[in-house]
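The values are calculated or read from the model by the stated rules, or taken from the named source; none is laboratory data. All figures in this text were calculated on a predicted structure; none of them were measured in a lab. Using ideal geometry, Cβ is built from the backbone for each residue, glycine included, and neighbour counts are taken over all protein chains shown. Ligands, DNA and RNA are excluded from the accessible area calculation, which covers all protein heavy atoms including side chains. Shrake-Rupley method; radii C 1.70, N 1.55, O 1.52, S 1.80 Å.
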Amino acid sequence: MNFIGDIRLFFENDLSTLKKMVINCENEMSKKSFSVYFKGKEISSVSFGFLPEPSQRDKDRYEDMLSRVLKESSVASGAFGVEYVPFDEVSGYGREDSEIALVRGEA
C-alpha cells in the first residue's frame, strides 16, 4: 500500500535548531499525521492521529509500538511522551512555527 505526503521541518528563527517535524501521508483509504517535537537533538514528544479514527485498543497499541521504537533509537534516549490525538488536533502549524523546509514524495 503506497502513501503520498509531505514532511515539514520547523526551525528556530536562526535556523540553528530543529524544533518540530510534521509528517503527513495519505492514500485512498486513510490519512496519517505525526508531529515530532525536539528538545536539543532528542525527541521530547510525539503526537499523532489517523483518519478514519482507530478503535481505542488500536490507539493504545500504536502508542505502545511507537514508544518502543523510539526508545530503541538513538534520538529518543531521554524522557519523552507519545500520544494519540484526534486527527484535527495534530499540530502542524502555529505561531511558534518559523522557517519551513518542505519535501514532497511517495513512500
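Do we have any residue at all in the stretch 89-102 that's modelled with pLDDT under 90, of a type in the set (A, V, I, L, M), open to solvent by less than 70 Å² (accessible area, probe 1.4 Å) and closer than 15 Å to residue 6 by Cα? Yes, some residue in the stretch 89-102 is modelled with pLDDT under 90, of a type in the set (A, V, I, L, M), open to solvent by less than 70 Å² (accessible area, probe 1.4 Å) and closer than 15 Å to residue 6 by Cα. Within this structure, residue 77 passes the test of being under 22 Å from residue 11 (Cα atoms) and either modelled with pLDDT of 95 or more or more than 14 Å from the chain's Cα centre (by Cα) (or both).
Is it the case that residue 59 is part of a helix (DSSP H, G or I), basic (Lys, Arg) and loosely packed, with under 13 Cβ neighbours inside 10 Å? No; evaluated as a whole, the condition is false for this residue.
The set of residues from the stretch 18-46 being at pLDDT below 90 and surrounded by fewer than 13 Cβ atoms within 10 Å (Cβ to Cβ) comprises 40, 41. Among residues of the stretch 16-32 being of a type outside the set (Asp, Glu) and out of contact with any strand residue (DSSP E or B) (no Cβ under 9 Å at 6 or more places or on another chain), the one that is farthest from residue 51 (Cα to Cα) is 16.
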